[in-house]
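Report on the structure given below.
The values are calculated or read from the model by the stated rules, or taken from the named source; none is laboratory data. Note that the structure is a prediction, hence the values are computed from the model and not measured. Virtual Cβ from ideal backbone geometry, glycine too; neighbours counted across all protein chains shown. SASA here: full protein model, heavy atoms, side chains in, ligands and nucleic acids out. Shrake-Rupley method; radii C 1.70, N 1.55, O 1.52, S 1.80 Å.
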Amino acid sequence: MGEVGSRMMRRTQKAGNGSTNYQAGTIQISGITYSEAREIALDVFRANALEFSQIARATAEERVIEITDAFFRELLEKCPDSLESIKDPAVQRAVFRVQEEYACSGDERLGQVLVDMLVDRCQSDDRGLKQITLNEAMKTAPKLANNHFAILSCLLFVARTKFTGVGNIDLLHERFLHIVAPLATELRVSESDLRHLQYAGCLSVDLMQSSFGEKLSRAYPGLYTRGFDETEIKEPHRPYIMPCLRDKSKSQIAAVYDEDLDPLLAADGVLDGHKAELKAMISFNLMPPREVEEEISALHPNIRNLADLWNSTQMQSCQLTGVGIAIGHANARRLLKEGFSAGIEVWVN
């Protein structure tokens with residue numbers, strides 16, 4: 001077994017309380033055994049594989065066994081009931097695509113990204129947006145370099161994600177330190193990279209630009225406001241006011257994002273005019289973008305590099321497509337492992 005493949009095979013399986021580990025052998029689920037499903041997958045490759053020379057064929061078959069075993073191990077761990085999906089011709093085509101790409105490249109990171117998307121694809125029964133997106137993403141990922149994976153993951157978590165449960169700036173910093181910083185480890189961005197990602201259908205480039213600091217302060221205005229004076233508070237607004245997180249001598253709206261206010265205001269029957277005023281006040285007196293960037297960049301060199309690249313390239317104008325989201329999501333799960341469990345349906349549904 002090759003070095004790259006052996007690293008893939010060494011990934012261990014862990015089970016929490018009340019969960020089950022499934023190992024290769026005679027497990028039977030929904031009428032098909034692990035061995036039968038594995039043999040079907042290998043037969044699909046053998047029946048459709050390109051012609052290789054004798055030496056190349058040996059390497060290709062070794063890699064196919066490695067990626068096939070990695071796929072079934074992930075599938076059995078995450079969703080054993082989906083083992084039956086291997087009988088579906090569309091799933092077999094997706095399995096063959098993953099096998100073929102890994103047979104030719106042997107790239108461990110690409111292999112893990114493809115396996116993650118393939119497992120998600122096996123759990124998608126209906127031909128909806130999620131399934132279509134994953135099918136296209138598995139075709140596209142082999143056309144990308146490793147730094148492209150990093151670009152897509154960083155865009156996903158900065159431009160398309162709002163972290164929940166961040167009631168103060170320390171909690172937001174913790175999320176960036178443990179999630180965003182690892183994703184930016186190999187981040188390199190050039191205009192050529194972004195053009196290639198646009199050509200591959202992973203993103204579009206808009207005319208509108210938002211600096212790194214602007215993006216964060218708009219996403220989390222309640223954490224980046226410097227507050228307002230007591231004299232600016234109207235009486236109907238007082239139930240929704242709290243001391244400013246950054247300056248206790250001032251006040252702010254008691255919310256991190258304006259969406260936090262919607263259910264509360266609806267339950268209290270607040271008039272539309274006051275709703276608009278309260279939502280506007282969340283973003284009152286925000287910190288300058290440069291100060292926001294300096295504060296969060298101080299957490300880790302990777303975050304500083306991300307902020308610098310964001311501001312110096314068209315990254316600040318990029319919008320991810322569904323395909324870009326799927327690849328960035330799979331790469332995030334590859335890097336963060338147990339630290340990231342959100343499914344792709346959070347972003348694609």
Quick count over the range 215-224, residues being buried (at least 18 other Cβ atoms within 10 Å of the Cβ) and more than 20 Å from the chain's Cα centre (by Cα), is 5
Check the range 237-252 and report whether any residue there is touching a residue at least 60 places away in the same chain (Cβ under 8 Å) and under 30 Å from A330 (Cβ atoms). no
Can you confirm whether the range 152-160 contains a residue that is outside any loop (DSSP other than H, G, I, E, B), in contact (Cβ under 8 Å) with a residue 60 or more places away in the chain, in contact with a Leu (Cβ under 9 Å, 6 or more places away or on another chain) and polar (S, T, N, Q)? yes
Is it true that some residue in the range 137-159 is surrounded by fewer than 18 Cβ atoms within 10 Å (Cβ to Cβ) and closer than 15 Å to I344 by Cα? no
Which of the helices (runs of 4 or more DSSP H) found entirely inside the range 260-329 contain at least 1 residues meeting this: open to solvent by less than 30 Å² (accessible area, probe 1.4 Å) and free of Cβ contacts under 8 Å to residues at least 60 places away in the same chain? 261-268, 272-282, 289-297
Considering only residues of the range 21-57 that are modelled with pLDDT of 75 or more and under 14 Å from C104 (Cβ atoms), which is most open to solvent (accessible area, probe 1.4 Å)? R57
Within the range 301-343, count every residue that is at pLDDT below 95 and either β-branched (V, I, T) or touching a helix residue (DSSP H, G or I) at 6+ places or on another chain (Cβ under 9 Å) (or both). 5
Single residue of the range 162-174 satisfying the filter (open to solvent by 20 Å² or more (accessible area, probe 1.4 Å) and touching a residue at least 60 places away in the same chain (Cβ under 8 Å)) that is farthest from S297 (Cα to Cα): G167
Which one is most open to solvent (accessible area, probe 1.4 Å) among residues in the range 175-210 that are part of a loop (DSSP other than H, G, I, E, B) and within 17 Å of N302 (Cα to Cα)? R188
